[in-house]
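A.B. asks: This structure is in structure tokens; I'll ask about it shortly.
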Amino acid sequence: MADTTEFTALRGLRSALQTIVDDLARAGNAAGTPKVELERPRDEAHGDYATNAALLLAPLLQTNPRAVAEQIAETAGTLPGVTSITVAGPGFINVTMEDAWFLETVQAALEAGPAFGSNVIAHAEPILLEFVSANPLGPLVAASARHAAYGDSLARVLRHAGHEVATEYYVNDAGRQVSLFGQSILARVTGGEIPQDGYEGAYVADLATELGATATDDPDELGRRGVAKMVEAIHRSLDKLGVHFDRFQSERELHDQGKVLEGVETVRAAGHVYDDNGATLLRTTTWGDDRDRAVIRGNGIPTYFAADIAYMVDKFARVGAGGRLVYVLGADHHGFIGRLKAVSQALGFDPEHVEIVIMQMVNFVEGGEQKQMSKRKGTFVTSDELVDRIGVDATRFLMLQRSQDQSLDLDLDLAEQQNDTNPVFYVQYAHARLASIRRKVEDEGGAPEIDLAALATDISEPLHPSEKRLVKRLGDFPIVIAEAAERRQPHRLFHFAQDLASDVAKFYRDCRVAGDEIPADVTARRLATCDAARSVLKLNLQLVGVGAPDRM
């Protein structure tokens, strides 16, 4: 598919500057070439964009940074749309662009519509993304909603950026925990004592009633039936969050199909396992793990780790050896990084194609105090309860306000507010405001036909600073998508939406769109800018699974 944003203004400028830097590096026999980044100067009087490329290139050329900056500036001064380039300090380059150049972004956003910012990566890959995979021995808890919001948003961003993505939920429905679950259900029926490490929540009693459990039921079979009911409930909770998986993979199915033992035999045949006191261990320390891992216990029963091996074999069989596996795991799974990388090497796969994203904890705050939760004890808030209280839009959006590698405090009281203090309300209101501008102009009969080609040429009045800031922000969107996809950070779209909403508010405050005193071409230009901003904001919200209302 063609890159619909390849020639949008900001990416075009950055690409052109990169070519100049690459040519200088090549001519000077530099050991490498720096990546050109463009930033906004703190003082807008210094220009529209600034780059430190000369400061990075100079050491590679073993020359003075300012001299390098002047070389870059001299060549870049002839680029289309550039009105001036200045060198500041030790070698910073400030670039000022003409108004017509900015309006190319408005045109590109309107023409591309929902495809704006798509296919922005250099090399598309098949990616199998596993996330949530919460323990199926209870309802989906509110903390898992962070995993769901992150994983589903990441999948949408990766697809928009150009990757081929499949999503997967791994159901841990095998092993001792299932038997414990069955024993816990049975204890509710018989009035007996819940086993040590069993499940005490009130939902277990409700489940016993729903299953029609009796004192004569086999606990293992009861556990399997209970897990099946919990998985059905998890499906419904995910649906409520707007999260849909391409596949649910059962761990028990891997055992029943013989894939777990096949996986063990695969690494055995490669010479990577050994026997120790009746158990079978994989030499994961060969690849940097802190200790070797058992794959078969002394009693002959495969470990959970053995199922992980089988699951990786199964995944690569579906995505291809050149594909990429992304695991999104909880904060208590740091140890899985080394062992999963080791498994990939034991199986003959590239460990760089196995990524492990560790999600940090989410804490729920109410009345200024943190709520304590435990699934095993039954003292928890479910995902359904969270969505029922604050809504799916607030749940998904607020779960993305911080990077996944940072813990998150979600203020439930704030999430319920219907004002600008609530981030999701603030962004959605900006979208509704942009829609209202279009309606108002149309109702007053002043909505001119917008000639996109003429936007960048018929400029009777220069862009207002707030107008230019808004258009600049739109130009950032393809870069935000590329970085969010590359770094697996969909929270960047949360912050982009906040910044865009702030720019919309300032534009609304400072720039009249229509009126007797507003020239017709300015009305057309500003109305087109509003339409483009609304389109980009809606697209941004869709990529994180949040609605974009036209009225509030």
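The values are calculated or read from the model by the stated rules, or taken from the named source; none is laboratory data. Treat the numbers as computed from the prediction; the structure is a model and nothing was measured. When we count neighbours, we look across all protein chains shown, and the Cβ atoms used for this are built from the backbone with ideal geometry, even at glycine. Calculation scope for accessible area: heavy atoms of the full protein, side chains included, ligands and nucleic acids excluded. Shrake-Rupley method; radii C 1.70, N 1.55, O 1.52, S 1.80 Å.
A.B. asks: Say we look at the stretch 92-148 and pick out the residues that are crowded, with 23+ Cβ neighbours inside 10 Å and aromatic (F, W, Y); which of these is nearest to R469 (Cα to Cα)?
C.D. replies: Ranking the candidates gives F102 first.
A.B. asks: Another question, then. Can you tell me which condition A505 does not meet? The list is (1) of a type in the set (A, V, I, L, M, F, W, C); (2) farther than 30 Å from Q406 by Cα; (3) surrounded by fewer than 19 Cβ atoms within 10 Å (Cβ to Cβ), and all the others hold.
C.D. replies: For A505, the failing item is (2).
A.B. asks: I'd like to verify a number: residues in the stretch 508-552 that are farther than 18 Å from Q107 by Cβ, open to solvent by less than 60 Å² (accessible area, probe 1.4 Å) and not in a helix (DSSP H, G or I), how many?
C.D. replies: 11
A.B. asks: Which one is surrounded by the fewest Cβ atoms within 10 Å (Cβ to Cβ) among residues in the stretch 321-351 that are in a loop (DSSP other than H, G, I, E, B) and of a type in the set (A, V, I, L, M)?
C.D. replies: The extreme case among them is A321.
A.B. asks: Checking Y426 against (1) without any contact (Cβ under 8 Å) to a residue 24 or more places away in the chain; (2) hydroxyl-bearing (S, T, Y); (3) buried (at least 16 other Cβ atoms within 10 Å of the Cβ): exactly one of these is not met. Which one?
C.D. replies: Condition (1) is where Y426 drops out.
A.B. asks: Given the criteria in contact with a Phe, Trp or Tyr (Cβ under 8 Å, 6 or more places away or on another chain), in contact (Cβ under 8 Å) with a residue 40 or more places away in the chain, of a type in the set (A, V, I, L, M, F, W, C) and open to solvent by 30 Å² or more (accessible area, probe 1.4 Å), does V381 qualify?
C.D. replies: Yes: the conditions hold for V381.
A.B. asks: For the stretch 81-186, which fully contained strands (runs of 3 or more DSSP E) count at least 2 residues that are under 16 Å from the mean Cα position of the chain (by Cα) and farther than 25 Å from L211 by Cβ?
C.D. replies: Correct list: 126-130, 164-171.
A.B. asks: Do we find a residue being assigned to a helix (DSSP H, G or I) and open to solvent by 30 Å² or more (accessible area, probe 1.4 Å) anywhere in the stretch 193-202?
C.D. replies: yes
A.B. asks: Something else: Contact list please: Cβ distance under 7 Å, first residue in the stretch 126-138 and within 15 Å of V328 (Cβ to Cβ), second residue β-branched (V, I, T) and open to solvent by 10 Å² or more (accessible area, probe 1.4 Å), pairs at least six apart or on different chains.
C.D. replies: Close Cβ pairs satisfying both conditions: I127/V165; L128/V319; L129/V165.
A.B. asks: Which of the residues spanning the stretch 437-458 are buried (at least 16 other Cβ atoms within 10 Å of the Cβ), of a type outside the set (A, V, I, L, M, F, W, C) and farther than 19 Å from V471 by Cα?
C.D. replies: Of everything in the stretch 437-458, just one residue is buried (at least 16 other Cβ atoms within 10 Å of the Cβ), of a type outside the set (A, V, I, L, M, F, W, C) and farther than 19 Å from V471 by Cα, namely G446.
A.B. asks: Could you count how many residues in the stretch 16-52 are among the hydroxyl-bearing types (S, T, Y) and farther than 18 Å from M97 by Cβ?
C.D. replies: Total satisfying the criteria: 1.
A.B. asks: Between residues in the stretch 315-336 that are of a type outside the set (A, V, I, L, M, F, W, C) and residues that are surrounded by 14 or more Cβ atoms within 10 Å (Cβ to Cβ) and in a helix (DSSP H, G or I), which pairs lie under 6 Å by C-beta distance while being six or more apart or on different chains?
C.D. replies: As it stands, the answer is R324/H353, since those pairs meet every condition given.
A.B. asks: Sort out which residues of the stretch 22-80 are surrounded by fewer than 14 Cβ atoms within 10 Å (Cβ to Cβ), of a type in the set (S, T, N, Q) and closer than 23 Å to K472 by Cβ, and write them in order of number.
C.D. replies: T78, the sole residue that qualifies.
A.B. asks: What number of residues within the stretch 468-479 are in contact (Cβ under 8 Å) with a residue 40 or more places away in the chain and surrounded by fewer than 23 Cβ atoms within 10 Å (Cβ to Cβ)?
C.D. replies: Within the stretch 468-479, residues that are in contact (Cβ under 8 Å) with a residue 40 or more places away in the chain and surrounded by fewer than 23 Cβ atoms within 10 Å (Cβ to Cβ) number 4.
A.B. asks: Does H163 meet the test of being more than 22 Å from L238 (Cα to Cα) and either in contact with a His (Cβ under 7 Å, 6 or more places away or on another chain) or open to solvent by 10 Å² or more (accessible area, probe 1.4 Å) (or both)? Before the answer, list the steps.
C.D. replies: Values: more than 22 Å from L238 (Cα to Cα): yes; either in contact with a His (Cβ under 7 Å, 6 or more places away or on another chain) or open to solvent by 10 Å² or more (accessible area, probe 1.4 Å) (or both): yes.
Taking the combined requirement at face value, the residue satisfies it.
A.B. asks: Across the stretch 215-246, what is the total count of residues that are over 30 Å from I127 (Cβ atoms), of a type outside the set (A, V, I, L, M, F, W, C), open to solvent by 60 Å² or more (accessible area, probe 1.4 Å) and touching a helix residue (DSSP H, G or I) at 6+ places or on another chain (Cβ under 8 Å)?
C.D. replies: The first filter runs over the stretch 215-246 and keeps only residues over 30 Å from I127 (Cβ atoms), leaving 215-226, 229.
From the residues that got through so far, the ones that are of a type outside the set (A, V, I, L, M, F, W, C) too are 216-221, 223-226, 229.
Then drop every residue that is not open to solvent by 60 Å² or more (accessible area, probe 1.4 Å), which leaves 216, 218, 220-221, 224-225, 229.
Next, only the ones that are touching a helix residue (DSSP H, G or I) at 6+ places or on another chain (Cβ under 8 Å) stay: 218, 220-221, 224-225, 229.
Here the count works out to 6.
A.B. asks: Taking the stated definitions as given, is V106 in contact with a Lys or Arg (Cβ under 9 Å, 6 or more places away or on another chain) and of a type in the set (V, I, T)?
C.D. replies: Values: in contact with a Lys or Arg (Cβ under 9 Å, 6 or more places away or on another chain): yes; of a type in the set (V, I, T): yes.
Yes: the conditions hold for V106.
A.B. asks: I've got another one for you. Report yes if some residue within the stretch 4-12 is open to solvent by 30 Å² or more (accessible area, probe 1.4 Å), modelled with pLDDT under 95 and either assigned to a strand (DSSP E or B) or among the aliphatic types (A, V, I, L, M) (or both); otherwise report no.
C.D. replies: No, the stretch 4-12 has no match at all.
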